[in-house]
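Written below as structure tokens is the structure these notes are about.
Laboratory data are not the source of any read-out in this text; all were calculated from the coordinates shown. Keep in mind that what you see is a predicted model, and the values were worked out from it rather than measured. With ideal geometry, Cβ positions are generated from the backbone for all residues, glycine too; neighbour counts draw on all protein chains shown.
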Amino acid sequence: MRAAHAVIVAWLLSGIACVCSGATPASISRDEARVAERMLPDAELRLADGRLMRLSALWRERPLLLTLFYRHCAGTCMPSLLLIRDAAAGSGGLGRDFRVLALSFADSDTAEDMRAQAASLGLQNDPNWLFAVGRTEDVQRIADALGFWFRRDLATGQYDHPTMLVAVDQGRVVRALLGYPIAAERFRELVWELRGSFVPYYRLPGQSWLRCFEFNGRTGTVRPDWGMLLVLAPGMIAILVAIGLFAYPQRPAAHAASPPVRASETAVR
Amino acid sequence: MRTVLAFLISVAVVSPVCAAEDEAASTLFQQKCAVCHTVGGGKRVGPDLRGVTDRRETDWLVRWITHPDQMLTDKDPIAVGLLTESGQIPMPNLGITESQAAALIDYLRQESAAQAAPLPAAATPATYPPPSLGPIQRFSLVLFLALTAVIAVVFSWVAVSTRNPQSLDTHRAYALRRVFLFVTAGALLVALVATLSRTPYAAARSHSDRIVYVAARQFDFIFSLEPIVAAADLATVPVVNHLELPTGAAIEFRVTSLDVNHNFALYGPERRLLAQTQAMPGYVNRLRVRLTTPGRYEVLCLEYCGAGHHLMRTELTVK
Amino acid sequence: MRQVSAITLAWIAVVALLFPILIALGIYMRTVQSGHLAELQSWFYPMMTLHGLGMVGLWFTAPLACVSDALQRHVKPSATVSWLALGGTVAGVLLLLICVFLGRFAAGWYFLYPLPLMGGWPKWSAVLFLVALTILGATWLVWSLDLLRAIAQRYSLSQALAWHYLVGRNEPEVPPLVLIATVSLIVCVAGLIAAVVVVALFYADVFGGIKSDTLLMKNLTFFFGHVLVNLSMYLGAAVTYEALPEYAGRPWKTNRIVALSWNAVLIIVLLAYFHHLYMDFVQPEAVQYIGQIASYVSSIPAAVVTIFGALMLVYRSPMRWGLAPALFLAGLAGWAIGGVGAVIDSTITVNAVLHNTLWVPAHFHTYFLMGLVLLTLAYFYHRTQTGAQPETRASRWMIMALMFVGGYGFLLMFYLAGALSVPRRYALYPPEVAYGASYAAAAAAFAAVFLLGFLLYLRQLWKRRADAATAQT
């Protein structure tokens, strides 16, 4: 009997759970919040194809999703990269709104290692995925700015480190996600944040042709658009009309006095 | 032990079934019906649909769901009765097909059965006593009444003064006017400086603890944790049905509209208007609030949006 | 005094007919909100629309008719255009009646895009509404342009705007009426052009399926509405400048300060409209600040020049009291009080908790009902005095008392309910704000008292007309 009650209660609960699915709110942990708004230092990086690029050149072109890893990681690096790869493909915007930069923090890694890593993920020909290495002190500065730590375990040769994915817009950290695995909703939210730390409007299909202003989510600038002209036009046109109306007629001499007020008009009774 | 096992088995069995079957019908309900109807949550713009599958014949329901406008034109007696009950707000034709209607009816039957134990009615008394005045409102009202009294006194005094006519000393009058000008301009300047620094607009680089997306539509508010840009997103974006927020956190509401202009107005547990922003189609307004008092908060629509404007509301809880 | 012209009499008749009906609609609205008349509740929003459009339209055209009448002392507006204006207005009103009563059009007098096209009423009623607006807009634009043309026949633009006073020259003498009328009419043209753009974009959506940007439409709509309502107020002030001195026995002339103040108003009124969009956080922050600053500054010319000027005019003057000057003075007081409520609400941080509560109708009903309406009624009374017996003190006090008690009582209910966060434009109040119903019931009663006062005024006016006719024969 008690078991039957338990089943009914459980069934009711799972029914409610179904209705309320997806209601787990994403929150920002204190560590993630601490990283937000920080500026990343610039550095020279060597990409997988051997090119030398400045980090600032990369972030100037398009916002970056930056993650730190190393080639011979036996821990969460590879699963994490796989997760990011799938999430980025699923969320949309890869290439258009952001690119992914996977930066190695191990000083033993080379450009060749980066090529191998890309190949192992099937991303060797994807121009929106960048794998890079840097000079030890540069990478250390970047890691310090992000509050990212890594410790070599001399016994195993492996590094202890957290998992971190950071959204970088014009060198500024917009949002950070810590921990593995990253929930899909949090990733999607990150991408939305990257599209502009504030989205002031959505362009719906078949939508309006005249706006007051254009907002560039990437640069955060507001530029007046043709609609603004429509708002300013009525006042300007009215003034022009007034000028035109008053310029046209032939008037008697300018200093003609107004006719005297007739005395009878002031009397009431 | 057996209880735990039973629970685990139930969850394992019910959840996938729940997920698969419910997903299509519940999404459809969310998109088309939840605007005006609840199941066991009370009357909204339209009646509570709990038990409706027991109250009405299935084929009447199918006809009503697919062609409510036709049934009203044909003067179906039940339809006309419903129209009167709703205050002349007709159920619109939502383009629902017969198979969709059948799925919805099954969903309604299921939901009603799932709520076999009647849910306790929301503890809302029929009317509340008037709330106390909020600080800004109190200040505004007092200031207004005080200045009105001053105006009334001055005008009355000037009117009464005509009993003793005397020619006007223009110099003194202009001097007084200059004083009046400086006093008024000074007061306005002080007020400008004091108030312009405190606007509800989110500062560019400031930070909020939580972001909640709100989509307004005739006549409903939808909370979600991801942006809802168009009505089509309702099928894919997870919707939060009972929003709970932590006390004292800085919340950012990102408000948009799916059809006409609405307004997201937050009333606190003391039932005073705390903050508001417009909901405009094609735009997102960010409203930053810090909700420091735990309790039940109401959201009302404060921009006229059609026949159901005064019925458009939702709730959230702060704890 | 000049014989009152037929056209002015016709406008008085229009007000006498439409104003009680529109007040009755308002009483109906507050009665429904008080919880009564449940069977007629579904007409609330259509009647709200008609009440808003009707009142705004009526109290724009009536003061403009007064100004047109007053201007005839100085310039020659075209009689044809004046009659066309009346005809066009009546035609527009008829179309509005059809689309509201037959089509249940209920977009509110704001007609904020895209609600007129998405409100559940038939498409034809929305189209008819747009046609009505087109007719009214075209009529009023022609009327305004004709009045400007008439002024232009006699004054150059710099004279009409009294710029020579700014540099200390008093010749040619420009009466304040002409200055204020010029400013108001230029501003009116601007507002009507904005309305033309809005209506054109509406047509583009209805017939061409071209969707417009909602923020753009909102800016244009509120620019038009704000400008129209404010210039109506100025028109009332213009006839006050013209008529009140005759009772006070003192002149009220243009001087440097008056010229400066009204030229400033020309610019400020075009910028202040942003205060309607404070709660649209997507507006660039700069224009929100401009809105508050302009709104605050706009109170200075009104208070320091017009209101103080009127008080200076009346103070210890050999005032010939009667119903007309009493109404002029009362109307100015109402304008001042409404202005206080408006300036308070135009503070952004206050607006955040008062926007779209009943405080908003509170302030605009104040400077309309107890401001502009009283000024216009005063002018009507003033113009129908020829050869007539003055009213008895008893009837004058009765009319004033009923209008005061009824009017200010009605308004107080709005202010109190607004401070208590009761929303505006709600047909019924939900449980959380159910206390709003008792304020609505009291307001309906007070409004009925005001209506009684107005009907007594009409009776007095009719008696005057009859007396004047007998006196002439």
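A few points about this structure:
- Whole-Hz Karplus values for the range B:26-33 come out as 5, 4, 4, 4, 4, 6, 9, 9 Hz, taken residue by residue from phi with 6.51 cos²θ - 1.76 cosθ + 1.60 and θ = phi - 60°; glycine and proline positions read x.
- Figure legend: label point modelled 7 angstrom from the Cα of residue A:108 along Cα→Cβ; residues of the range A:151-192 with amide N under 16 Å from it are A:151-161.
- Computed from the Cβ-Cβ distance with R0 of 22 Å, the FRET efficiency linking residue A:135 to residue A:160 stands at 0.50.
- Overall dimensions of the protein assembly as shown, expressed as equivalent-ellipsoid semi-axes from the Cα gyration tensor (√(5λ), whole Å, largest first), are 62, 36, 25.
- Length available on full extension from residue C:13 to residue C:255: 0.36 nm per residue minus the Cα-Cα distance, which gives 83.5 nm.
- Pairs of alpha carbons in chain B separated by more than 38 Å make up 36% of all such pairs.
- Calculated from backbone phi, Karplus (6.51, -1.76, 1.60) coupling profile of the range C:226-237 in Hz, x at Gly/Pro: 4, 5, 4, 5, 5, 5, 4, 4, 5, 4, x, 4
- When only alpha carbons are used to place a centre, the range C:1-76 and the range C:330-374 end up 19 Å from one another.
- Rounded to the nearest 5, the antiparallel percentage of DSSP beta bridges internal to the protein assembly as shown is 70%.
- Spatial separation of Cα centroids for the range C:307-329 and the range B:233-298, in angstrom: 51
- Computed from Cα atoms, the angle from the helix B:170-196 axis to the main principal axis of chain B rounds to 30 degrees.
- Database remark: amide H of residue A:225 closer than 5 angstrom to the amide H of A:213, A:214 (H placed geometrically; neighbours at sequence offset of 5 or more, or on other chains; Pro and chain starts carry no H).
- With the simple spin-label model, which puts each label point 7 Å out from Cα in the Cβ direction, the residue C:6 to residue A:76 separation comes to 9.1 nm.
- DSSP-defined beta bridges in the range B:210-318 - what % are antiparallel, rounded to 5: 75
- Close amide H contacts of residue C:5 (hydrogens built in the peptide plane, cut-off under 5 Å, sequence separation of 5 or more or a different chain): none are found.
- Multiplying the residue separation of residue B:157 and residue B:27 by 0.36 nm and removing their Cα-Cα distance gives an extension gain of 39.9 nm.
- Once the Cβ-Cβ distance of residue B:317 and residue A:172 is raised to the sixth power relative to R0 = 30 Å, the FRET efficiency obtained is 0.30.
- DSSP-defined beta bridges in chain B - what % are antiparallel, rounded to 5: 75
- Ellipticity at 222 nm from helices only: DSSP H runs of n ≥ 4 in the protein assembly as shown, each -39500 (n - 2.57), divided by the residue count, give -18000 deg cm²/dmol.
- Distant-in-sequence amide contacts of residue B:93, defined by a placed amide H-H separation under 5 Å and a gap of 5 or more residues or a different chain, comprise B:69.
- Relative exposure of B:112, B:257, A:108, B:224, judged by other C-beta atoms within 10 Å (fewest first): A:108, B:112, B:224, B:257
- Calculated from backbone phi, Karplus (6.51, -1.76, 1.60) coupling profile of the range C:38-45 in Hz, x at Gly/Pro: 4, 6, 9, 4, 5, 8, 4, 5
- For A:73, B:36, B:301, C:66, the sequence from fewest to most other C-beta atoms within 10 Å is A:73, B:36, C:66, B:301.
- Counting other Cβ atoms within 10 Å as a rough exposure proxy, the listed residues B:280, A:236 run A:236, B:280 from fewest neighbours to most.
- Overall Cα dimensions of the range B:17-114, principal axis frame, Å, largest first: 40, 26, 23
- Virtual spin-label span in nm between residue C:79 and residue B:166, 7 Å along Cα→Cβ: 5.0
- Within the listed set B:47, B:131, B:68, the residue fluctuating most in the Gaussian network model of chain B (springs between alpha-carbon atoms under 10 angstrom) is B:131.
- With both labels modelled 7 Å from their Cα along Cα-to-Cβ, the residue C:142 to residue C:405 distance reads 4.7 nm.
- Rounded Å value of the spacing that divides the Cα centres of the range A:69-137 and the range C:132-171: 71
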